[in-house]
Amino acid sequence: MLGHVSITETGDDRDVRAPGLAALAGLVADETRAVCLLALLDGRAWTAGELARHAGVAPSTLSEHLGKLVAGGLLAEERQGRHRYVRLAGTRVAQLVEDLAGQVAPHPAGRPRTLRAASAGSAMARGRTCYDHLAGRLGIAVTDALTARKLLSTASGPQARSDGAEPQRETETKAETERRPSPDRPTAPDSGERATGFLLTEAGLRWFESSGIALDRASRRPLARACLDWTERRPHLAGAAGAALCRHALDTGWCVRIGSERAVKVTAAGERALAELLGIQAGALR
């Protein structure tokens, strides 16, 4: 990571990261590239042709835009035969796109131009994937249920932590063991951690384990993070825990993808599982 250059070295005190930040902002500032980044929040790889049709531009035009996004480190690409596939370069890029999109004011009220557009918009608002976690009313319902059962806590101030700063430790010192919080309290922060909005409690960690939902606790990614939902205007669960829950929901058939975008639908099996595990009523998922 670039640091600061002293006044004696440059004659001014400008942060040397400024040019890079300006270049990054320029990449996202183009509407066609923004369309591509938002589409790739579904977590899947798209071909250049698919993205060109989605963005409504010529393949040659789209290819130029993809080249800039790849060179800028926002997209990763791979080629299979004649096809060129691209995806977001990782969770940090997805988080950047999510956070920027969350700052955009809701679109002015207006009726969708077609019945298909209305149906697609309704499905996306009901439930969708936000890169690798659940969003929409579904994501909010799950987040609220986890919070109500004290499996998830709102992290703020000195209680906040981020497991993205350093890998989660699997061992404790004797002093740490003696300071271990009660089951429904958040774990204590390590020095240097930063707020991520949400925090799994000890009871929450046990809930994931007993539910058969594998958590990657060795990842540098935050275990729990708040992501502002652009349709509900409230935060839903992201981070490693959100990704694990979404992956489990899709792998077990609790949810299925519908349509050509990021919309998902809760199945009958999913309604039963979410009612049993989190007390979520079926009506909140439809």
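FYI, it's all coordinate maths here, none of it is from the lab. Treat the numbers as computed from the prediction; the structure is a model and nothing was measured. Every residue, glycine among them, receives a Cβ derived from its backbone with ideal geometry; neighbour counts consider all protein chains shown.
Less than 15 Å Cβ to Cβ from Ala268, Lys/Arg counted +1 and Asp/Glu -1: what total charge do the surrounding residues give? Neighbour charge sum, excluding Ala268 itself: +1. Seen from Lys68, the other residues with C-beta closer than 13 Å to its C-beta sum to a net charge of -2, counting Lys and Arg as +1 and Asp and Glu as -1.
The protection proxy used here, the mean number of other Cβ atoms lying within 10 Å of each residue, ranks peptides 145-151, 241-247 as follows, highest first: 241-247, 145-151. For Arg257, neighbours were defined as the other residues whose beta-carbon sits under 14 Å from its Cβ, and their charges (Lys and Arg +1, Asp and Glu -1) total +2.
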